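See structure below.
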Amino acid sequence: MLLEKIISISGKPGLFKLVSQLRNGFIIEDVTSKKKVSIGNSSQVSLLDNIAMFTFDKEVPLFEVFENIAKNYDYKEAIAHKSSDAELKEFMTASLPNYDTERVYASDIKKLAQWYNILHKAGYITPDSFVKAEPETLEGEPAQEVSLEKEAPKKSAPKADKPVAPKAKASSGAKAATKSTHRKMG
(Lines give C-alpha, C1' and ligand atoms only; values in the text may rest on other atoms or scores of the structure.)
Protein backbone atom coordinates (compact mmCIF):
# COMPACT_ATOMS: atom_id res chain seq x y z
CA MET A 1 0.00 0.00 0.00
CA LEU A 2 1.17 3.47 -0.78
CA LEU A 3 1.21 6.30 1.72
CA GLU A 4 1.15 9.31 -0.62
CA LYS A 5 -2.58 10.04 -0.21
CA ILE A 6 -2.72 9.91 3.60
CA ILE A 7 -3.81 13.16 5.26
CA SER A 8 -4.36 14.73 8.64
CA ILE A 9 -7.28 17.11 9.13
CA SER A 10 -7.07 19.85 11.71
CA GLY A 11 -9.72 19.31 14.37
CA LYS A 12 -10.39 15.66 13.44
CA PRO A 13 -8.63 12.82 15.25
CA GLY A 14 -6.96 10.08 13.23
CA LEU A 15 -5.68 9.86 9.69
CA PHE A 16 -7.54 9.74 6.40
CA LYS A 17 -6.97 8.61 2.84
CA LEU A 18 -7.93 10.85 -0.08
CA VAL A 19 -10.39 8.93 -2.22
CA SER A 20 -11.41 11.51 -4.82
CA GLN A 21 -11.82 15.19 -5.46
CA LEU A 22 -15.18 16.92 -5.62
CA ARG A 23 -15.99 20.30 -7.07
CA ASN A 24 -16.06 21.92 -3.63
CA GLY A 25 -14.05 19.47 -1.52
CA PHE A 26 -12.85 15.90 -1.20
CA ILE A 27 -14.10 12.44 -0.36
CA ILE A 28 -11.93 10.94 2.37
CA GLU A 29 -11.81 7.58 4.10
CA ASP A 30 -10.81 7.00 7.73
CA VAL A 31 -7.80 4.67 7.54
CA THR A 32 -8.93 2.52 10.48
CA SER A 33 -12.74 2.41 10.21
CA LYS A 34 -12.82 2.71 6.36
CA LYS A 35 -15.79 5.08 6.76
CA LYS A 36 -16.06 7.52 3.84
CA VAL A 37 -17.14 11.14 4.29
CA SER A 38 -16.81 14.36 2.34
CA ILE A 39 -15.05 17.50 3.52
CA GLY A 40 -15.13 21.01 2.14
CA ASN A 41 -12.29 23.06 0.71
CA SER A 42 -12.23 25.14 3.88
CA SER A 43 -10.90 22.23 5.97
CA GLN A 44 -7.27 22.55 7.00
CA VAL A 45 -5.68 19.46 5.50
CA SER A 46 -2.04 18.32 5.62
CA LEU A 47 -0.68 15.65 3.30
CA LEU A 48 1.66 13.49 5.36
CA ASP A 49 3.82 13.28 2.25
CA ASN A 50 4.52 17.03 2.63
CA ILE A 51 5.48 16.92 6.32
CA ALA A 52 9.12 16.74 7.41
CA MET A 53 10.99 16.48 10.71
CA PHE A 54 13.82 18.88 11.58
CA THR A 55 17.37 17.62 11.98
CA PHE A 56 20.41 19.77 12.64
CA ASP A 57 21.43 19.76 8.97
CA LYS A 58 18.22 19.20 6.92
CA GLU A 59 14.53 18.35 6.98
CA VAL A 60 13.72 14.64 6.71
CA PRO A 61 10.40 13.63 5.09
CA LEU A 62 7.96 12.07 7.54
CA PHE A 63 7.76 8.82 5.61
CA GLU A 64 11.53 8.35 5.90
CA VAL A 65 11.10 8.68 9.66
CA PHE A 66 8.20 6.17 9.52
CA GLU A 67 10.45 3.82 7.59
CA ASN A 68 13.18 4.14 10.24
CA ILE A 69 10.61 3.41 12.98
CA ALA A 70 9.29 0.42 11.02
CA LYS A 71 12.78 -1.03 10.65
CA ASN A 72 13.58 -0.42 14.34
CA TYR A 73 10.34 -2.13 15.42
CA ASP A 74 10.46 -4.88 12.76
CA TYR A 75 7.33 -3.43 11.09
CA LYS A 76 5.34 -3.85 14.32
CA GLU A 77 3.56 -1.36 16.57
CA ALA A 78 5.81 1.28 18.16
CA ILE A 79 5.83 3.03 21.51
CA ALA A 80 2.48 4.43 22.71
CA HIS A 81 2.00 8.15 22.18
CA LYS A 82 0.98 8.50 25.84
CA SER A 83 4.43 7.36 27.05
CA SER A 84 6.58 9.61 29.21
CA ASP A 85 8.55 12.44 27.63
CA ALA A 86 11.83 10.63 28.40
CA GLU A 87 10.63 7.46 26.63
CA LEU A 88 9.38 9.50 23.67
CA LYS A 89 12.74 11.30 23.36
CA GLU A 90 14.55 7.95 23.44
CA PHE A 91 12.14 6.67 20.74
CA MET A 92 12.85 9.76 18.63
CA THR A 93 16.61 9.44 19.03
CA ALA A 94 16.43 5.83 17.84
CA SER A 95 14.19 6.79 14.90
CA LEU A 96 16.01 9.94 13.80
CA PRO A 97 19.34 10.20 15.65
CA ASN A 98 20.24 13.77 14.68
CA TYR A 99 16.78 15.34 15.14
CA ASP A 100 16.79 18.98 16.22
CA THR A 101 15.96 18.83 19.92
CA GLU A 102 15.04 22.53 20.02
CA ARG A 103 12.61 22.51 17.08
CA VAL A 104 11.04 19.05 17.50
CA TYR A 105 8.80 19.22 20.55
CA ALA A 106 7.42 16.41 22.72
CA SER A 107 4.00 17.02 21.14
CA ASP A 108 5.52 16.41 17.68
CA ILE A 109 7.03 13.12 18.86
CA LYS A 110 3.68 12.06 20.38
CA LYS A 111 1.93 12.79 17.09
CA LEU A 112 4.62 10.87 15.18
CA ALA A 113 4.17 7.80 17.40
CA GLN A 114 0.38 8.07 17.25
CA TRP A 115 0.30 8.39 13.45
CA TYR A 116 2.75 5.51 13.00
CA ASN A 117 0.61 3.26 15.21
CA ILE A 118 -2.61 4.29 13.41
CA LEU A 119 -1.02 3.44 10.07
CA HIS A 120 0.32 0.17 11.47
CA LYS A 121 -3.12 -0.81 12.83
CA ALA A 122 -4.69 0.03 9.45
CA GLY A 123 -2.21 -2.23 7.63
CA TYR A 124 -0.23 0.53 5.91
CA ILE A 125 3.12 -0.26 7.56
CA THR A 126 4.71 -3.02 5.51
CA PRO A 127 8.09 -3.34 3.79
CA ASP A 128 6.35 -2.57 0.46
CA SER A 129 4.57 0.55 1.74
CA PHE A 130 7.69 2.69 1.55
CA VAL A 131 8.29 2.09 -2.17
CA LYS A 132 7.21 4.99 -4.39
CA ALA A 133 5.11 3.93 -7.36
CA GLU A 134 3.16 5.43 -10.24
CA PRO A 135 0.03 7.42 -9.29
CA GLU A 136 -3.10 5.33 -8.90
CA THR A 137 -6.09 5.74 -11.18
CA LEU A 138 -9.74 5.53 -10.20
CA GLU A 139 -11.62 2.90 -12.21
CA GLY A 140 -10.00 3.43 -15.60
CA GLU A 141 -9.75 7.21 -15.36
CA PRO A 142 -6.39 8.84 -16.07
CA ALA A 143 -4.42 9.78 -12.95
CA GLN A 144 -5.10 13.32 -11.79
CA GLU A 145 -3.06 15.39 -9.42
CA VAL A 146 -5.08 16.39 -6.37
CA SER A 147 -4.54 19.86 -4.97
CA LEU A 148 -5.46 20.56 -1.37
CA GLU A 149 -4.90 24.28 -1.56
CA LYS A 150 -7.64 26.63 -2.61
CA GLU A 151 -6.58 28.34 -5.80
CA ALA A 152 -7.50 31.89 -6.65
CA PRO A 153 -9.73 32.19 -9.70
CA LYS A 154 -7.60 32.50 -12.79
CA LYS A 155 -8.18 35.38 -15.16
CA SER A 156 -8.12 34.33 -18.76
CA ALA A 157 -6.03 36.32 -21.16
CA PRO A 158 -7.86 37.92 -24.09
CA LYS A 159 -7.73 35.83 -27.23
CA ALA A 160 -5.39 37.28 -29.80
CA ASP A 161 -6.29 35.13 -32.79
CA LYS A 162 -9.44 37.03 -33.87
CA PRO A 163 -10.18 40.73 -33.68
CA VAL A 164 -13.30 41.49 -31.66
CA ALA A 165 -16.00 43.34 -33.57
CA PRO A 166 -17.55 46.31 -31.77
CA LYS A 167 -21.19 45.85 -30.83
CA ALA A 168 -23.57 47.83 -32.98
CA LYS A 169 -26.36 49.88 -31.44
CA ALA A 170 -29.84 48.52 -31.88
CA SER A 171 -31.21 50.59 -34.73
CA SER A 172 -32.46 50.11 -38.24
CA GLY A 173 -28.89 50.29 -39.57
CA ALA A 174 -27.56 47.72 -37.07
CA LYS A 175 -27.36 44.90 -39.60
CA ALA A 176 -25.45 47.07 -42.03
CA ALA A 177 -23.05 48.23 -39.28
CA THR A 178 -22.21 44.70 -38.14
CA LYS A 179 -21.76 43.45 -41.67
CA SER A 180 -19.25 46.17 -42.40
CA THR A 181 -17.17 45.43 -39.30
CA HIS A 182 -16.76 41.70 -40.04
CA ARG A 183 -13.99 41.04 -42.46
CA LYS A 184 -12.66 37.80 -43.75
CA MET A 185 -9.24 37.06 -42.31
CA GLY A 186 -6.96 35.69 -44.93
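The values are calculated or read from the model by the stated rules, or taken from the named source; none is laboratory data. Note that the structure is a prediction, hence the values are computed from the model and not measured. We place every Cβ from the backbone using ideal geometry, glycine too, and count neighbours over all the protein chains shown. What goes into the accessible areas is simple: the full protein's heavy atoms, side chains included, and nothing from ligands, DNA or RNA. Shrake-Rupley method; radii C 1.70, N 1.55, O 1.52, S 1.80 Å.
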Those residues of region 6-44 which are surrounded by 18 or more Cβ atoms within 10 Å (Cβ to Cβ) and basic (Lys, Arg), in sequence order: Lys17
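The rows are residues; the columns are (1) in a loop (DSSP other than H, G, I, E, B); (2) out of contact with any Phe, Trp or Tyr (no Cβ under 6 Å at 6 or more places or on another chain); (3) modelled with pLDDT of 90 or more; (4) among the small types (Gly, Ala, Ser).
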site	(1), (2), (3), (4)
Ser8	no, yes, yes, yes
Gly11	yes, yes, no, yes
Lys17	no, yes, yes, no
Gln21	no, yes, no, no
Lys34	yes, yes, yes, no
Val37	no, yes, yes, no
Ser42	yes, yes, no, yes
Glu87	no, yes, yes, no
Within region 48-71, can one find any residue that is in a helix (DSSP H, G or I), aliphatic (A, V, I, L, M), in contact (Cβ under 8 Å) with a residue 12 or more places away in the chain and open to solvent by 40 Å² or more (accessible area, probe 1.4 Å)? no
Those residues that are more than 21 Å from His120 (Cα to Cα) and either in contact with a strand residue (DSSP E or B) (Cβ under 7 Å, 6 or more places away or on another chain) or of a type in the set (D, E, K, R) (or both), I need them from region 22-43; list them, please. Leu22, Arg23, Asn24, Gly25, Phe26, Ile27, Val37, Ser38, Ile39, Gly40, Asn41, Ser43
Among the residues of region 87-132, count how many are over 17 Å from Lys76 (Cα atoms), loosely packed, with under 14 Cβ neighbours inside 10 Å and of a type in the set (Val, Ile, Thr). 3
Please go through region 76-109 and pick out each residue that is among the polar types (S, T, N, Q) and more than 19 Å from Pro61 (Cα to Cα). Ser83, Ser84
